Amino acid sequence: MPKSYDPDEKMEVVLRVLKGEKVCDLADEYGVSRNSIYVWKNELLDGGMSKLSGESVTEQEAKLKEKTNKSKRWKNYWSTESPDGNP
């Protein structure tokens, strides 16, 4: 079974390509095909880190909505007054 690369590893490889390192050298170093590196590069340039993670747009939106809701709950929690009248 081929190794699975997390988004941070993919980004590291793509950034090294963008800095001028040869794709064939990085492919050998990471044990991945040159084509995979080109795909990662295009994904990053087209859609940023979220595209490298392989998540669908709806999954990303759901995570963002949950983070937003959590932030709102904390904001509400910290902005309520205590029984003695102090925030």
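All of the numbers you see were taken from the coordinates with simple rules; none came from a lab. Everything numeric in this text was worked out from a predicted model, so none of it was measured. Note that each Cβ is placed from the backbone with ideal geometry, even for glycine, and that neighbours are counted across all protein chains shown.
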For this session: Using Cα positions and a limit of under 29 Å, work out the lysines in reach of Lys75, with same-chain residues fewer than 8 apart set aside.
Result: Lys63, Lys65, Lys67
For this session: Would you mind computing, in nm to one decimal, how far apart the modelled labels at Ser4 and Asn76 are, each placed 7 Å from Cα along Cα→Cβ?
Result: 3.5
Problem set entry | Under 24 Å from the Cα of Lys19 - lysines, other chains or at least 8 residues apart | Lys10, Lys41, Lys51
Problem set entry | FRET efficiency, 1/(1 + (r/R0)^6) with R0 30 Å, evaluated for Tyr38 and Thr68 via beta carbons | 0.30
